[in-house]
Amino acid sequence: MKMSLDIAWKSLNKAKEELCGDTVEIIKTEDSDILVLSDGMGSGVKANILSTLTTKIMGTMLKNGATIEECVTTVARTLPVCQKRQVAYSTFSILQIYKNGEACLLEYDNPGGILIRDGHQKNVPFAVKEIEGKIIREYHFNVCYGDYYIMMSDGVVHAGVGTRSGFGWPRSEVARYIEEMCASDISSSRLMSMISSRCYELYDGKPGDDTTVITIKVTEPKTVNIFTGPPVDKKDDRRAAEEFMSESGTKIVCGGTSSNIIANYLHKPIRASLMYYDPDIPPTAEIEGMDLVTEGVLTLNRTVQMLAAYNLGKVDAVFFKQLYGMDGAARLCKILIEECTHLNLFVGRAINETYQAAALPFDLSIRQRLVEQLVNECRKMGKTVSIKYY
């Protein structure tokens, strides 16, 4: 089964807290994707430290080949127990989905995850086991194309306690809400935003608890290829273009010189647009065979800013209005968030002659930094990223 995961997540901080007590870690191994969600007791700095400790311990162990059971045992022995309440200082959920479609989930004191298949919730049986005195729910199931899986902290089911809904948002109602949203084959990022926004509304804009939602959509691999920057040696122009064009998937060119290289290689004209959808972002262009052609540094910079905001959970109606805009940065950002599981970057290291002529020979460092930031933000989203320099 050749499948990939479209992953999105967001945390709402408890009202008046600068740090979130929930932490999410995404780990990629050779044969699986692993998601860890931890909820530290309380809120603020203390909760953040405890949940971060939990995810980092588990993440490091899983990357080094440890089993989930070994991770749970280590965390159970490491984390302290509140002497007053006699409960652990941090809860957690660990979901591991293998490339062949097999999945394993372990939950400790977090609300049960929700699996949506063919638009309806599918109940997954689980076994109860005790590890180091902690009661763990263990699930084993297979995923299919089109499945959605939702993980959450207890801030979701507590949404509205003491406000308009009084008794919170029961998991059964959460599941029904998600079923309605998934009926239209919604993207993972959009589903995440809808659930998070609903929680925010139920809290009347003042979350009473740290609230985290992770949405996963099982999909076929979606490859995006980006060519940006001319090679240092002009003799490598053709080789770079050939390697870029040889990859299957969405083709995007960022930069004027880069566009000329690809246009010359394809023997196709560049059809420039004069339409400014955003005054700060230069217009896009068209080359037959390319899915998107944009300006370089300014467009990449705005794209990185939007991806960073997305990864920080700053996803609201204003963000999505910008995301669904028509300027080059918005279109590029939308592709990377919603239509990409694997990203291949083809990056030239040459300094832009325009900047050199203007006595501003810093294009290389700017482009290089932007590419590195782009890679980091995409990896935070769980994308598989490869990069080749020329």
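The figures follow:
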{"quantity": "Nonlocal amide H pairs with residue 209, under 5 Å, H built at 1.01 Å", "calculated": "15"}
{"quantity": "Residue 286/residue 220 FRET efficiency (R0 45 Å; Cβ-Cβ; nearest 0.05)", "calculated": "0.95"}
{"quantity": "Convex hull projection area averaged over all views, the chain, Cα basis, nm²", "calculated": "21.1 nm²"}
{"quantity": "Which of 56, 2 is most accessible, then next, and so on - probe 1.4 Å", "calculated": "2, 56"}
{"quantity": "Accessible heavy-atom area order of 206, 99, highest first, probe of 1.4 Å", "calculated": "206, 99"}
{"quantity": "Qualifying GluC sites (Glu not before Pro) for region 104-149 [loop in DSSP, other Cβ within 10 Å: at most 16]", "calculated": "132"}
{"quantity": "Length gained when the stretch residue 176-residue 372 is fully extended (0.36 nm per residue, less Cα-Cα span)", "calculated": "66.5 nm"}
{"quantity": "Rounded to 10°, Cα long-axis angle of helix 68-78 versus longest principal axis of the chain", "calculated": "60 degrees"}
{"quantity": "Average Cα contact separation per residue, the chain, under 8 Å, 6 or more apart, as relative contact order %", "calculated": "17 percent"}
{"quantity": "For region 8-13, Karplus couplings with θ = phi - 60° (6.51, -1.76, 1.60), whole Hz, Gly/Pro x", "calculated": "9, 7, 8, 10, 9, 6"}
{"quantity": "Solvent-accessible surface ranking, highest first, for 284, 60 at 1.4 angstrom", "calculated": "60, 284"}
{"quantity": "DSSP bridge pairs, the chain: antiparallel proportion in percent, nearest 5", "calculated": "75 percent"}
{"quantity": "Total charge dipole magnitude, the chain, about the Cα centre, Cβ charges on Lys, Arg, Asp, Glu only, Debye to nearest 20", "calculated": "400 debye"}
{"quantity": "Restricting region 147-211 to chymotrypsin sites (Phe, Trp or Tyr not before Pro) in coil, as DSSP defines it, with at most 12 other Cβ within 10 Å", "calculated": "167"}
{"quantity": "Dmax and Rg, reported as Rg then Dmax, of region 116-189 (C-alpha, Å)", "calculated": "15.0, 43"}
{"quantity": "Share of carbon and sulfur in the accessible heavy-atom surface of region 153-240 [1.4 Å probe, %]", "calculated": "50 percent"}
{"quantity": "Label-point separation in nm, residue 388 to residue 185, each point 7 Å along Cα→Cβ", "calculated": "3.2 nm"}
{"quantity": "Region 122-179: trypsin sites (Lys or Arg not before Pro) in DSSP loop, at most 15 other beta carbons within 10 Å", "calculated": "122, 164"}
{"quantity": "Inter-label distance, nm, simple model (7 Å from Cα along the C-beta direction), residue 31/residue 73", "calculated": "2.0 nm"}
{"quantity": "Modelled FRET efficiency - R0 22 Å, residue 63 with residue 109, Cβ distances, 0.05 increments", "calculated": "0.35"}
{"quantity": "In degrees, nearest ten, helix 256-266 long axis to first principal axis of the chain (Cα)", "calculated": "70 degrees"}
{"quantity": "Per residue value of the accessible surface for region 132-189 (all protein chains in place, 1.4 Å probe), Å²", "calculated": "46 Å²"}
{"quantity": "Which of 297, 332, 311, positive extreme of dipole for region 256-335 (C-beta unit charges)", "calculated": "311"}
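The values are calculated or read from the model by the stated rules, or taken from the named source; none is laboratory data. What you are looking at is a predicted structure, and each value in this text was computed from that prediction instead of being measured. Glycine also receives a Cβ, built like all others from the backbone with ideal geometry; neighbour counts cover every protein chain displayed. In case anyone asks, the SASA skips ligands and DNA or RNA and just uses the protein heavy atoms, side chains included. Shrake-Rupley method; radii C 1.70, N 1.55, O 1.52, S 1.80 Å.
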